[in-house]
Amino acid sequence: MASQIGLTWVASKFAPRCFNLSYGYGGISIRDQVVRAQLLINDLFEMKNESQVLSIATILIVGAGFAGTVAAICAAKRGFDVTLVDSRSGALSLQRNVEHRYVGAFMYDWPCVESDLQHYPPEIVLGSVDYAEYRGPFWEMALPVTAAELARQHLIWFDDEKTKPFSSGSLVEIYEANSSSVQEYVKKFISSARMGKKRFSDEIDVGSCRKRVDADVVILATGMGAEKCEVECYVGAKLIGNDFWSKHGDDFRATRELSGNALIVGAGDGALQDVLRLMTRHEDVLSIIASMERHPVVGDVIKSVKPLLKAIQLQNMLAAAHNAFGAHEKFDNRLKEIAKKIVSDNRYFFNEWAAANLRSGLGKFYVFHIISGENFTKSYLINKFIVHVISEIDAGNGYKMVKNFDTRKCLHNFGYDADGLLEVLIDDRDTYNVFIEKIKHLAVHVGVDKHGGFGGVIDENYKKHKNFNPVEILGNIPMPKLVYF
């Protein structure tokens, strides 16, 4: 009998019996990670007890975020004995107290999905579905909500599911585990799996004690990797900002609502979100879109370019899946062209929209945005497009982007003044301007540190696992059947 191996299994595997839900992928949202987790567990269940491929009974899941908790519940309901381990104090520790970041199930899918459809699962899309077999979370939101609110809803679901019987499965949670100990466990597990051993057993450091964990399979649900939030400046000094999920809401609100300059470093989604929230009166990008769509003329303009934006979005998603070299730059250049044209052709109406929606703090302010290249690359279309639109509207009056910037040559950190404001000298080599600015809010989002967390383990094993042949495995895949996710 041919083994029923699904596409998610193929896409997620990076070493024998090891699977990765998000690290190293571009354009992977919280919802995407949750769906990957559900589909992967479904694939593992289909292969359960097929000894010629992968006989499994115990699963170690590393990371108790949205994807990890969903994978844990789904696996326990499917009859697996699951150990869920995290280095923090509990599930969703990163998001459960964050009130200044807004998230939505489909917020990054615009314009392919409309801005007011954020419930998960999307009943309006799936229609009448028998949810008896559905094993995932339910998120109720018409528009994006704070990360803390989404975490609250998700934890209610998670805690409720744990009170229900798992039939033959089980779930053990381990928190405050030592990260280095967990990483060493994964390395040893891979070595054991390469020697053909079906089960691995070892201890993990948890506080002052050690706990033994058995695993036939390891699933990494650790997010995209450790975020890089510092940059080297001239003469070795460093600027260190807050990471994406850090609690810096008071500083952020004071900068936006009162006065003060902000310095944003980076071209990814974290940096672009900070730019948009500092430049506008809105908390999330979908609220910006909604305000544009409400304007009688600007709304029609946005509607007219949606078909083209949808085509770019779909191509961008394919490029992200295949890591197409140079594609992101081409897509970003096309978005710039579209933004420039629609604003220049309708400048009066976009200025009218801006008067009601762009930030107007007390006194003059600037959002200085520094990027190392010419383009926004692996960020979501909606973030890139709206930043380009606002850049065209603003024309440098409050938003100043400096491209091709080398922080080690052009950014001089002078420390803090008597009022606690960061004094920074910015040397813009393109325009030969040198200016000193006092920065009230600093955000550094310069990508993911591939040498931190589990990145090194994954990168190393993608290269080493030469016996993994996707072409051969794909040849055994049967016709897909309906799966509720």
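The values are calculated or read from the model by the stated rules, or taken from the named source; none is laboratory data. Just so it is clear, the model here is predicted, and its values are computed rather than measured. Here Cβ is always computed from backbone atoms with ideal geometry, including for glycine, and neighbour counts include all displayed protein chains. Ligands, DNA and RNA are excluded from the accessible area calculation, which covers all protein heavy atoms including side chains. Shrake-Rupley method; radii C 1.70, N 1.55, O 1.52, S 1.80 Å.
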Residue in segment 39-50 that is among the polar types (S, T, N, Q) and modelled with pLDDT under 90 present: yes
Residue check for ALA193: under 17 Å from LEU220 (Cα atoms), surrounded by 14 or more Cβ atoms within 10 Å (Cβ to Cβ) and not aromatic (Phe, Trp, Tyr): yes
Helices (runs of 4 or more DSSP H) within segment 374-485 that include 2 or more residues modelled with pLDDT of 80 or more and open to solvent by 70 Å² or more (accessible area, probe 1.4 Å): 407-410
Subset of segment 142-193 (residues that are in contact (Cβ under 8 Å) with a residue 40 or more places away in the chain and either in contact with a His (Cβ under 7 Å, 6 or more places away or on another chain) or of a type in the set (Val, Ile, Thr) (or both)): VAL145, THR146, VAL172, ILE174, VAL182, VAL186, ILE190
Number of the condition not met by GLU123 [criteria: (1) more than 26 Å from LYS310 (Cβ to Cβ); (2) of a type in the set (D, E, K, R); (3) modelled with pLDDT under 90]: (1)
Failed item in (1) of a type in the set (D, E, K, R); (2) in contact with a strand residue (DSSP E or B) (Cβ under 9 Å, 6 or more places away or on another chain); (3) without any contact (Cβ under 8 Å) to a residue 60 or more places away in the chain, with ASP216 passing the rest: (3)
